[in-house]
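Read the figures in this text as sums done on the coordinates, not as results from a lab. For clarity, every value in this text was computed on a predicted model and none was experimentally measured. So basically every Cβ, Gly included, is an ideal-geometry build from the backbone, and we count neighbours across all protein chains shown.
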Amino acid sequence: MKAVMSAMLNVADVDRSLAFYRSLGFDTRWENKGEDGRLDYAGVGVGEAVIALGRIPKDRRGMAKDYAEWVSTPLGAGVMITVELEDVEERYKLAKKAKAPIDSPLSERIYGTAFMINDPDGYVVRFLRPKGVYA
């Protein structure tokens, strides 16, 4: 059975986040502008991995209580996203070239080859080539 997953991140500035992820080799999957002309929502991806980036105002009318509480949490809020891919070394080179804040350098670990960065809103993104998956 094949399964695909995506993640949605609430971000302060979609344009800034979109540029950041594009500097890491992600492509733009979609963009939606709000009434003010700023990007409210965009999607970036690499392979089948997709990260949605949304600028969700705290005063959005008609928002469910639990959703409003989520939007009000500090951005980043201890969230780590793992992107599994074969070319983790190339992604690391892109991260260094883009001067992305590297939280953990490229290294071999018990579960595979990985490194971690922090995105502009404090989300941790781990790039991982799991052991035995891409042989």
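Assign unit charges at the C-beta atoms only (+1 for Lys and Arg, -1 for Asp and Glu), then state the dipole size of region 6-130 relative to its Cα centre in Debye, rounded to the nearest 20. Working shown, then result.
Values: 18 positive and 20 negative charges, 46 e Å.
Using Cβ point charges on Lys, Arg, Asp and Glu, region 6-130 gives about 220 debye.
Give me the extension gain from Met5 to Lys97: residue separation times 0.36 nm, minus the current Cα-Cα distance, reported in nm with one decimal.
Details: separation 92, 0.36 × 92 = 33.12 nm, distance 2.77 nm.
Roughly 30.3 nm would be gained on extension.
Antiparallel DSSP bridges in region 6-130: what percent, to the nearest 5?
That works out to approximately 70 percent antiparallel.
Which one of Gly37, Gly76, Gly122 has the biggest mean-square fluctuation once the chain is modelled by GNM with Cα springs under 10 Å?
Looking only at Gly37, Gly76, Gly122, the biggest GNM fluctuation is shown by Gly37.
Set the Förster distance to 22 Å, then compute FRET efficiency between Lys131 and Glu48 from the Cβ-Cβ distance, nearest 0.05.
Working: r = 20 Å, r/R0 = 0.91.
The value I calculate is 0.65.
For the chain, what relative contact order do you get, as a whole percent, if you take Cα pairs closer than 8 Å and at least 6 residues apart?
Taking the mean separation of contacting Cα pairs over the length of the chain, I get 22 percent.
By how many nm would the segment from Leu75 to Glu89 lengthen if fully extended, with 0.36 nm per residue of separation less the alpha-carbon distance? Walk me through the numbers on the way to the answer.
Working: separation 14, 0.36 × 14 = 5.04 nm, distance 2.79 nm.
Residue separation times 0.36 nm, minus the Cα-Cα distance, leaves 2.2 nm.
Hey, which aspartates and glutamates would be in cross-link range of Lys93, C-alpha to C-alpha under 15 Å, not counting anything within fewer than 8 residues on its own chain?
Asp103
Which whole number of Å³ per residue matches the convex hull of the alpha-carbon atoms in the chain?
Values: hull volume 17.8 nm³, N = 135.
Looking at the chain, the number lands at 132 Å³ per residue.
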